[in-house]
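Student: Encoded as C-alpha cells, here's the structure I'll be asking about.
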Amino acid sequence: MKTGSLYIVATPIGNLEDMTLRALRILKEVSLIAAEDTRQTKKLLNHYGITTPVTSYHEHNEKEKAPFLTEKMKSGASVALVSDAGTPGISDPGYRLTKAAVENGIEVVAIPGPSALISVLSVSGFALDRFTFMGFLPHGGAEKRKFILEMKVPQHTFVLYDSPRRLKETLDSIIEVVGDVEAVVGREMTKLHEEVLRGRVSVIREALADREIKGEVTLVIRTGELGPGTSCEDELKKLLAEGFHLKDAVKAVALEFGLPRSDVYREALRIKEGLKK
C-alpha cells in the first residue's frame, strides 16, 4: 500500500488574503488536518468552504498524537499540519510529527506561506545575508539576561518573539546587556492594527513608555561594531561585576571579540580572582 504524505501548511498570521492557492487545494485534498487549535482552524476552513476532517495536534498532546498520525499516513492517508498562524514547527508544534514521518519514509512536503519572523525581517532594512532566529524569550530573571547575552555579537541581526506584556522589560534588558542598538518592533503583522517601530532601542522604549502593548510582537535587533578602545578585559569585568556566570560571560566575550574561548576563560579566571580581593 502506498503511504500518504505529510504537508506542512503555512496559514495566515492575520490577513486571510495571504492564504495561497496551493495551500487551499492541499487542505481540500488531504484526508485529515492536524491543527494546533481546532477552533481557530475551523474559522479559516469555514471562510474558504473547506470540509476536511480536523483533529487536534498541540504541544500538550503531540507526544501521543504523532504516532497515531504517523500510522494513519503509513496506511495511506495524507495529513496537513497547521498551526494557529504562520508556519508549523517555527516556535509552534510540528517537530515530533515531522521527525516521525521522516523516520518512517513518509514524504514531507512544505507548503510555504506567511511567517511573522520573515515578514518583520523583510521590512527591517537590516542586512539579512545572515541572521539568527532566537525563538521566544524566556519569561524573566537570570535566564532571560543569559538569553539576551547571547546576542552580544558585533554586526549581526537577531530576530525573536516576545510577549506584549514583557516587551518594555525586554527592551530595558537589551540596553543593559547588549547596548542601545538599532531595532525594529513589528506588532500585529498583516492585521488591522499592524505597526512597525524603528530606531535605537531607547527611542522605541520611550515611544512605548505610556502605552499598553497588545498583540503578537516580533523584535529584530542589529548590533553595531565594537566601540573604539573596547577591550576583552573591560567586557569581562563588566559582565562578571553584573553577576553573570563566568561560563556565560566567557562565551559572550569570545563571540564578541572572535577570540578562542580557552584564552578568554583564562583571562576571566584572572579577573575573577582580582574581584575577590
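Student: Can you tell me how many residues in region 179-203 are crowded, with 21+ Cβ neighbours inside 10 Å and among the β-branched types (Val, Ile, Thr)?
Tutor: 3
Student: Another question, if that's okay. What is the one condition in (1) free of Cβ contacts under 8 Å to residues at least 24 places away in the same chain; (2) within 16 Å of Pro164 (Cβ to Cβ) that Val217 does not satisfy?
Tutor: (1)
Student: Still on this model: If you take the residues in region 213-226 that are assigned to a loop (DSSP other than H, G, I, E, B) and surrounded by 12 or more Cβ atoms within 10 Å (Cβ to Cβ), which one is nearest to the chain's Cα centre (by Cα)?
Tutor: Glu216
Student: If you don't mind, another one. Residues in region 1-19 that are outside any helix (DSSP H, G or I), touching a Pro at 6+ places or on another chain (Cβ under 6 Å) and surrounded by fewer than 20 Cβ atoms within 10 Å (Cβ to Cβ): how many?
Tutor: So the answer is 2.
Student: Now for a separate question. State which residue is surrounded by the most Cβ atoms within 10 Å (Cβ to Cβ) when the search covers only region 103-154 and only residues that are in a strand (DSSP E or B), in contact with a Ser or Thr (Cβ under 9 Å, 6 or more places away or on another chain) and hydrophobic (A, V, I, L, M, F, W, C).
Tutor: Going through the qualifying residues, I end up with Ile111.
Student: Going through Asp234, Asp210, Asp248 one at a time, which residue ends up being surrounded by fewer than 18 Cβ atoms within 10 Å (Cβ to Cβ) and either of a type outside the set (D, E, K, R) or more than 20 Å from Lys146 (Cα to Cα) (or both)?
Tutor: On inspection, the qualifying residue turns out to be Asp210.
Student: Now for a separate question. I'm trying to understand the selection: among the residues of region 27-38, which are surrounded by fewer than 20 Cβ atoms within 10 Å (Cβ to Cβ), more than 24 Å from the chain's Cα centre (by Cα) and part of a helix (DSSP H, G or I)?
Tutor: The answer is Lys28, Glu29.
Quick note: the coordinates plus some simple rules give every number you see, no bench work behind them. This one's a predicted model, so the numbers in the text were calculated from it and none came from an experiment. Methodologically, a virtual Cβ is constructed for each residue, glycine included, from the backbone with ideal geometry; neighbour enumeration extends over all protein chains shown.
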